Amino acid sequence: MAQNGGVSSQKSGRGAFLLFEGVDRCGKTTQSQRLVEYLKGKGVAAELWRFPDRYTAIGRMIDSYLSGETEADDAAVHLLFSANRWEKREAMLAALHAGHTLVVDRYAYSGAAFTAAKKVPGLDLEWCKAPDKGLPAPDAVIYLSMSPEAAALRGGYGKERYEKEEMQKEVSRQFALLADDTWHTVDAAQSVKAVESQVQEIAEGAVASCSKGPPLRLLWTEGSTV
Ligand code: DGP
């Protein structure tokens with residue numbers, strides 16, 4: 001029986017894959033951290049994950065590219081970001097099947113949106129999605145919606161490669177093309193508390209339904225599950 005207001009730690013079902021997406025500085029990191037704490041407080045075995053994972057060998061190459069230390073071909077770097085997700089696939093599946101809920105800060109939707117936003121001939125949105133097809137799919141995408149102008153006002157962008165208003169505008173257009181029936185759009189311009197309470201409601205619903213053990217879908221593949 002569900003406890004703690006609708007969610008409980010899963011013994012027989014599986015964990016939920018909850019994904020935060022959005023433009024840079026929309027509040028994903030704050031909200032994902034808060035959600036993990038909230039879920040833990042409700043007795044849910046929740047873990048915070050983020051992509052890119054800069055601590056693997058591939059992740060260090062990505063980090064060096066993002067900081068501008070190295071240059072790389074756009075297609076090659078796209079495949080590195082994807083490989084950085086594939087190298088975590090087994091661990092993600094094991095955690096989800098062991099009943100752990102994963103709160104993930106960025107994933108393949110960022111992968112497709114950021115590269116497609118570069119408008120490199122040949123690297124259209126379909127090309128960008130292809131390498132991530134077959135990864136575990138999120139049960140719920142929490143899209144923190146914020147205009148790039150408003151995001152830029154939040155203390156300004158840092159020094160990383162993509163933190164420019166024009167790029168972020170195009171990223172947000174690409175995100176709109178990627179929205180599917182797992183998406184929940186939350187207005188990230190609201191107060192942190194207001195965003196948080198909507199996020200909690202979405203997360204609780206997903207955790208409760210995943211505790212019944214539905215198959216885990218595979219990303220961007222018709223009807224495939226694992
Ligand atoms: P973050 O660590 O969440 O601040 O992400 C770093 C930057 O990299 C951010 O501007 C978003 C971008 N990014 C995240 N994932 C991908 C990806 O898979 N591909 C590309 N091209 N960019 C990504």
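See the values below:
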| read-out | value |
| --- | --- |
| Those residues of segment 147-181 which are out of contact with any helix residue (DSSP H, G or I) (no Cβ under 9 Å at 6 or more places or on another chain) and touching a residue at least 40 places away in the same chain (Cβ under 8 Å), in sequence order | 154, 155, 159 |
| Residue among 2, 45, 16 that is touching a helix residue (DSSP H, G or I) at 6+ places or on another chain (Cβ under 9 Å), hydrophobic (A, V, I, L, M, F, W, C) and modelled with pLDDT under 95 | 2 |
| Residues satisfying the stated conditions in segment 161-182, i.e. of a type in the set (D, E, K, R) and part of a helix (DSSP H, G or I) | 165, 166, 169, 170, 173 |
| Looking only at segment 61-86, and only at residues there that are touching a residue at least 40 places away in the same chain (Cβ under 8 Å) and charged (D, E, K, R), the one that is nearest to residue 17 (Cα to Cα) | 85 |
| Only listed residue being part of a loop (DSSP other than H, G, I, E, B) and open to solvent by less than 30 Å² (accessible area, probe 1.4 Å), chosen from 68, 158, 122, 99 | 99 |
| Evaluation of residue 52 against (1) outside any loop (DSSP other than H, G, I, E, B); (2) surrounded by 16 or more Cβ atoms within 10 Å (Cβ to Cβ) (one fails), failing number | (1) |
| Residue check for residue 108: near the ligand (Cβ under 8 Å from one of its atoms), within 13 Å of the chain's Cα centre (by Cα) and farther than 30 Å from residue 212 by Cα | no |
| Any hit, segment 141-158, residues being out of contact with any His (no Cβ under 7 Å at 6 or more places or on another chain), basic (Lys, Arg) and at pLDDT below 95 | yes |
| Filtered residues of segment 115-133 (kept if touching a residue at least 60 places away in the same chain (Cβ under 8 Å) and in contact with a Ser or Thr (Cβ under 6 Å, 6 or more places away or on another chain)) | 132, 133 |
| Qualifying positions in segment 44-67 - away from the ligand (no atom under 11 Å from the Cβ) and touching a Lys or Arg at 6+ places or on another chain (Cβ under 6 Å) | 46 |
| Check on residue 129, outside any loop (DSSP other than H, G, I, E, B), open to solvent by 30 Å² or more (accessible area, probe 1.4 Å) and not aliphatic (A, V, I, L, M) | yes |
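Yes/no matrix, rows are residues, columns are (1) part of a helix (DSSP H, G or I); (2) at pLDDT 95 or above; (3) surrounded by fewer than 14 Cβ atoms within 10 Å (Cβ to Cβ):
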{"position": "185", "(1), (2), (3)": "no, yes, no"}
{"position": "206", "(1), (2), (3)": "yes, yes, no"}
{"position": "209", "(1), (2), (3)": "yes, yes, no"}
{"position": "222", "(1), (2), (3)": "no, no, yes"}
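The values are calculated or read from the model by the stated rules, or taken from the named source; none is laboratory data. In this text the structure is predicted, and so the values were computed from the model without any measurement. Please note: Cβ atoms are built from the backbone with ideal geometry, for glycine as well, and neighbour counts cover all protein chains shown. SASA here: full protein model, heavy atoms, side chains in, ligands and nucleic acids out. Shrake-Rupley method; radii C 1.70, N 1.55, O 1.52, S 1.80 Å.
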